[in-house]
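Read-outs: derived from the displayed coordinates by stated rules, not from any lab. As the structure is a computational prediction, the values presented were derived from the model and not from experiment.
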Amino acid sequence: MCAAVSAQEMLQAAIQTKVVPNQEYLLQGSVLDSAKDVLIHRLRGLADNVDEQVETFHDRERVLTLGPAGGQSLTLYVRQAVDHPDVPWTMRYIGQPEVGDKSRPTVLRNSIDVGCTPNVLEFLSEMGFKQEYEYMSKGFMFRKGRMKILVYKIYKGPELARERC
């Protein structure tokens, strides 16, 4: 009961401050391996869970499209937690970037995340979706309020093939 009230209060606060739950601001960049430890240390100090162990993740993501090759197509992202096989898979839709405040170096876009079962790939295939590519991501997650910061590496190719075994 307490968790539902907390979630409802968070949603009300988001609506009052005009923060829409299905929108995200995206700021991305690249960090050299030599600077990674310093970045992790600083983010850990800023995060809500400063006294806890840094949260890690290891995910496999598949990118599927529906529509003509050169035209307007629908893209969905299906993510599976490799390190937690009991956690539901996630299907994600990400909208086109919106024109926002040009003084901010972020991208604003709609996003919808839905928990689903592992047979989502078969379901999407039956609907006509084709897998474009897949990759693995492994890294760290930091939270500050509603903000989530991910620091990770992407693996594709031989590293992905080893994970399948």
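Details
- Residues whose amide H lies under 5 Å from that of Val82, counting only those 5 or more places away or on a different chain, are His58, Asp59, Arg60; hydrogens are built 1.01 Å from N in the peptide plane.
- Calculated from backbone phi, Karplus (6.51, -1.76, 1.60) coupling profile of the stretch 111-128 in Hz, x at Gly/Pro: 8, 10, 10, 9, x, 8, 9, x, 7, 4, 5, 5, 4, 5, 4, 5, 7, x
- Cα shape, the stretch 69-109, gyration tensor, a/c 1.5 rule: oblate
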